[in-house]
Amino acid sequence: MKNRLNWNWGKGIVMVYVLFVAGMLYLVFQSKQQKLDLVVDDYYQQELKFQGQIDAAQRAINAGAQPVVAVNAGQFILRIPGASGQAVSGTLLAYCAADKGRDQRMDLHETTSGEWNLPLSGLEKGKYVFKVQWLQQGQAYYAELNFDK
């Protein structure tokens, strides 16, 4: 019986090669469509400050002042143990690794209670790392907390 399609090895090899090239072009096109965000825009300046951040984090560990986050009725309560009775102020960065547009920076106004009620309404669902920096008795402290909304 004669082969009606006139199929041979040469046509098969060309067909495989064409499909491979088309697949690679498709993957390149798809990779170009992905959104890439930098964690920070000024890496060099952040690197220069990094040793200070390490020292502040170690100071928080040594003082037993690791912040605690509790969620209550649409707000989250940030509490720093051992800070009540002392003037404390700082900032909180809600960092979302998945999307830079969901990052939020919140100022922690000066208080002597060591506790802040902050609204959750601006945070979209997802995983966040809360980067907390605060000043207490002239010393800088730093801690990171994982948070799922």
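At-a-glance table
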| quantity | calculated |
| --- | --- |
| Net dipole in debye of the chain [+1 Lys, Arg Cβ; -1 Asp, Glu Cβ; about Cα centre; nearest 20] | 1160 debye |
| For segment 2-72 versus segment 81-100, the gap between their alpha-carbon centres in whole angstrom | 29 Å |
| Approximate shape of segment 73-149 as ellipsoid semi-axes (Cα gyration tensor, √5λ), whole Å, largest first | 23, 13, 10 |
| Degrees, to the nearest 10: 9-32 long Cα axis against longest axis of the chain | 20 degrees |
| Whole-number percent relative contact order across segment 43-148, with pairs defined as alpha carbons under 8 Å at least 6 apart | 28 percent |
| The chain: angle of helix 43-63 to the longest principal axis, Cα-based, in degrees nearest 10 | 50 degrees |
| Computed Rg/Rh of the chain, alpha carbon atoms with Kirkwood Rh | 1.37 |
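Taken together, the values in this text are just the output of simple stated rules run on the coordinates, not laboratory data. If you're wondering where the values come from, they're calculated on a predicted model, not measured in any experiment. So basically every Cβ, Gly included, is an ideal-geometry build from the backbone, and we count neighbours across all protein chains shown.
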